[in-house]
Amino acid sequence: GALAACAAPAEKTEQPAAAADGDLASTAGSGVNSADQKWAFEIAPEPIADDQITATEEADVVVVGGGMAGMVTAASCAENGLKVILISASQAPVSRGGSNNGVYSKVMEQMGLPRMDPTWFYRMQYAANGGNFRPELWYKFYNHSEEAINWIIDIAANAGIKTTIESGPEYKEGDPMFTPTAAHAFYVDDEELHGKVGTGEPYIAAEMGRYIAEDLGVDVRWNVKAEQLVRGGTPNGTSGRVDAVLATADGSTYTKYVGTKAVVMATGDFSHDRDMMEKYCPQAVELCDFESEVNYDQGIWMGGLMPGDGHKMELWVGGAWQKEPNNIMLGRPNLPGDQPYTSHTGLMVDNAGRRFMNEDVLGGFACATIMHLPEKTAYCIWGQNRAEAGGPWGAINFVHGEYFTTQEVIDRWDNDTDGFNIVKADTREEVIAQLGLPAETIDTIERYNGMCAAGADTDFYKTADKLIPIGENDGPFYGAAFTPGFLTSLGGLRTDAHLRVLDATDSPIEGLYNAGCMIGNFYSATYTFAMEGMNYGACCITLPYVLGQELASGELA
């Protein structure tokens with residue numbers, strides 16, 4: 001779904017060489033190279049004492065986390081005959097967004113949409129990720145996606161929840177920005193779908209919570225926070241098998257949840273921990289809000305979500321961090337009327353009024369470029385003529401094949417329906433002034449208009465169909481400033497194709513698995529939105545669904 005504006009960034013703090021919370025642990029005078037210093041979050045706390053453990057519960061599989069990834073894991077395990085306990089720090093099922101990628105499904109077949117061909121598309125993604133990911137995970141998703149997405153479509157249908165396919169951008173197959181149409185969205189009959197598709201994940205999350213508890217008999221325990229993993233019989237142990245997790249409902253006493261086959265971590269991201277972001281995603285630190293309270297029931301929120309509880313627990317028992325840069329998911333500069341999951345494809349300038357890129361790219365890429373600008377801010381300028389000349393407007397949150405009309409686009413600009421703080425004026429100069437840009441910005445506009453008239457962008461080579469002039473008679477005129485919002489970090493500990501957590505030698509830690517945002521090695525650098533809903537569809541549905549089957553089959557014993 002559409003992502004809202006980011007909260008104000010927290011003020012950056014220095015990193016003193018003291019081993020206090022939030023700081024680097026000191027190795028001064030120890031003969032240890034500074035490169036070997038550890039952050040405080042990497043250092044395991046004292047093991048929880050035996051006298052604080054007041055109960056022990058046992059199941060085949062213990063799942064930690066009550067989002068879609070955790071619930072799908074629990075459901076798949078239980079459907080295949082395993083006894084499951086699910087614990088979650090949240091009060092109820094948690095969901096964010098609403099796009100669920102599936103490369104093919106019964107719904108796509110009904111709508112006449114083709115199955116995505118992975119041969120060239122995945123090679124393109126290989127290049128986009130710079131090779132810094134684990135291709136086995138992507139192909140495993142492709143090979144099992146249809147079965148998994150049809151499974152969840154049926155679960156939804158049994159509860160009266162319907163599924164449709166979201167609108168995708170109009171890039172043609174073969175374009176490096178091509179996005180296969182495959183984002184599944186849930187809705188109910190009494191919901192107004194026009195502009196609302198892609199926001200219905202809470203429906204299926206609530207049903208999954210009911211399904212696993214009532215229909216499958218999963219022992220679900222909300223408001224229970226995991227604190228330490230037990231490896232080799234010892235809390236925070238660093239050798240042997242991970243066979244349990246210690247968790248608390250009251251903050252003082254603990255229950256030991258034993259998973260004889262597996263402990264699956266599905267605790268979300270680490271973007272609400274400043275130090276983890278400083279180390280693993282420093283490019284996004286200024287976009288994050290570290291001051292607000294952690295809310296384990298948080299839905300979509302720009303500025304950071306979870307505090308990396310699961311990542312820390314895995315580090316403490318010897319898990320190794322992924323080798324590639326951590327992926328960040330940024331909000332898109334997608335103004336009303338733009339194609340879904342793309343940048344604003346009209347004129348964008350920096351704070352000096354200069355054009356800086358070919359604007360016709362996927363939104364994740366545009367945001368990554370904008371992050372390099374002064375103040376991390378781009379300024380969009382356009383005329384009302386763009387509404388007629390730039391269509392069709394297959395916008396975010398629309399059903400595939402539905403579009404805004406020209407008048408709807410203008411109305412959304414005039415009313416600032418999507419909250420972009422759009423300014424409007426009768427002249428281009430007034431818009432420039434309202435945006436706080438230098439008067440010389442008009443020279444950039446005139447140069448741009450000249451290229452529009454010639455049908456050739458000789459600065460950044462945007463295709464001719466996106467060259468829409470902003471002439472003095474093309475008003476009224478509009479403008480908006482855009483700073484990328486930060487939604488989430490993705491990945492973390494090294495994860496193999498069976499979702500096993502790996503150690504520093506790339507060997508699996510027996511008994512320990514990842515699901516959802518915890519899965520490392522799936523992405524690198526920037527979430528491109530080249531496959532909308534990929535994180536839900538692959539990491540939260542398909543791969544956890546397959547994990548349940550593999551655990552039940554004994555294949556991973």
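The values are calculated or read from the model by the stated rules, or taken from the named source; none is laboratory data. Computed from a predicted model, the values in this text were never measured in an experiment. Heads up, the Cβs are rebuilt from the backbone with ideal geometry, glycines too, and the neighbour counts pull from every protein chain shown. For the accessible areas, the whole protein counts, side chains as well, though only heavy atoms, and no ligand, DNA or RNA atoms are used. Shrake-Rupley method; radii C 1.70, N 1.55, O 1.52, S 1.80 Å.
All conditions in (1) assigned to a helix (DSSP H, G or I); (2) over 30 Å from residue 302 (Cα atoms); (3) among the polar types (S, T, N, Q) hold for residue 535, with the sole exception of (2). The numbered conditions (1) touching an Asp or Glu at 6+ places or on another chain (Cβ under 8 Å); (2) touching a residue at least 24 places away in the same chain (Cβ under 8 Å); (3) among the hydrophobic types (A, V, I, L, M, F, W, C) are all true for residue 373 except (2).
Residues in region 441-456: is at least one hydroxyl-bearing (Ser, Thr, Tyr), in contact with a helix residue (DSSP H, G or I) (Cβ under 7 Å, 6 or more places away or on another chain) and modelled with pLDDT of 95 or more?
Here is the first cut: in region 441-456, the ones hydroxyl-bearing (Ser, Thr, Tyr) are 441, 444, 448.
Still in the list and also in contact with a helix residue (DSSP H, G or I) (Cβ under 7 Å, 6 or more places away or on another chain): 441.
Remaining after also requiring modelled with pLDDT of 95 or more: 441.
Taking every residue of region 441-456 in turn, at least one turns out to be hydroxyl-bearing (Ser, Thr, Tyr), in contact with a helix residue (DSSP H, G or I) (Cβ under 7 Å, 6 or more places away or on another chain) and modelled with pLDDT of 95 or more.
Of the residues 458, 444, 463, only one is β-branched (Val, Ile, Thr) and without any contact (Cβ under 8 Å) to a residue 24 or more places away in the chain; which? Quick ask: steps written out before the conclusion?
On the way: 444 fails: without any contact (Cβ under 8 Å) to a residue 24 or more places away in the chain; 463 fails: without any contact (Cβ under 8 Å) to a residue 24 or more places away in the chain.
So the residue among 458, 444, 463 that is β-branched (Val, Ile, Thr) and without any contact (Cβ under 8 Å) to a residue 24 or more places away in the chain is 458.
Criterion first (open to solvent by 10 Å² or more (accessible area, probe 1.4 Å) and out of contact with any strand residue (DSSP E or B) (no Cβ under 7 Å at 6 or more places or on another chain)) does residue 273 satisfy it? Answer is yes for this residue.
Say whether the condition of being within 25 Å of residue 331 (Cβ to Cβ), buried (at least 23 other Cβ atoms within 10 Å of the Cβ) and in contact with an Asp or Glu (Cβ under 9 Å, 6 or more places away or on another chain) is met by at least one residue in region 101-109. First the steps, then the outcome.
Initial filter on region 101-109 (within 25 Å of residue 331 (Cβ to Cβ)): 101-102.
With the extra rule that they be buried (at least 23 other Cβ atoms within 10 Å of the Cβ), the set shrinks to 101-102.
Retained after the next criterion (residues that are in contact with an Asp or Glu (Cβ under 9 Å, 6 or more places away or on another chain)): 101-102.
Yes.
Among the residues of region 211-219, are any in contact with a strand residue (DSSP E or B) (Cβ under 7 Å, 6 or more places away or on another chain), touching a residue at least 40 places away in the same chain (Cβ under 8 Å) and of a type in the set (Ser, Thr, Tyr)? Write out each step before concluding.
First, the residues of region 211-219 that are in contact with a strand residue (DSSP E or B) (Cβ under 7 Å, 6 or more places away or on another chain): 212-213, 218-219.
Filter once more, so that each one left must be touching a residue at least 40 places away in the same chain (Cβ under 8 Å): 212, 218-219.
Now restrict to residues that are of a type in the set (Ser, Thr, Tyr): none.
Within region 211-219, not a single residue is in contact with a strand residue (DSSP E or B) (Cβ under 7 Å, 6 or more places away or on another chain), touching a residue at least 40 places away in the same chain (Cβ under 8 Å) and of a type in the set (Ser, Thr, Tyr).
Residues that are closer than 11 Å to residue 61 by Cβ and either out of contact with any helix residue (DSSP H, G or I) (no Cβ under 8 Å at 6 or more places or on another chain) or open to solvent by 10 Å² or more (accessible area, probe 1.4 Å) (or both) within region 537-555 comprise just one, 552. Once region 345-388 is narrowed to residues that are open to solvent by 20 Å² or more (accessible area, probe 1.4 Å) and in contact with a Gly (Cβ under 9 Å, 6 or more places away or on another chain), the residue that is farthest from residue 461 (Cα to Cα) is 384.
In summary, strands (runs of 3 or more DSSP E) completely within region 449-507 and bearing 2 or more residues that are open to solvent by less than 40 Å² (accessible area, probe 1.4 Å) and over 23 Å from residue 421 (Cα atoms) occur at 486-490, 500-502.
Among the residues in region 63-81, are any open to solvent by 20 Å² or more (accessible area, probe 1.4 Å), more than 32 Å from the chain's Cα centre (by Cα) and at pLDDT 95 or above? No. Residue 441 fulfils the conditions (1) open to solvent by 20 Å² or more (accessible area, probe 1.4 Å); (2) on the phi < 0 side of the Ramachandran plot except for a single criterion, (1).
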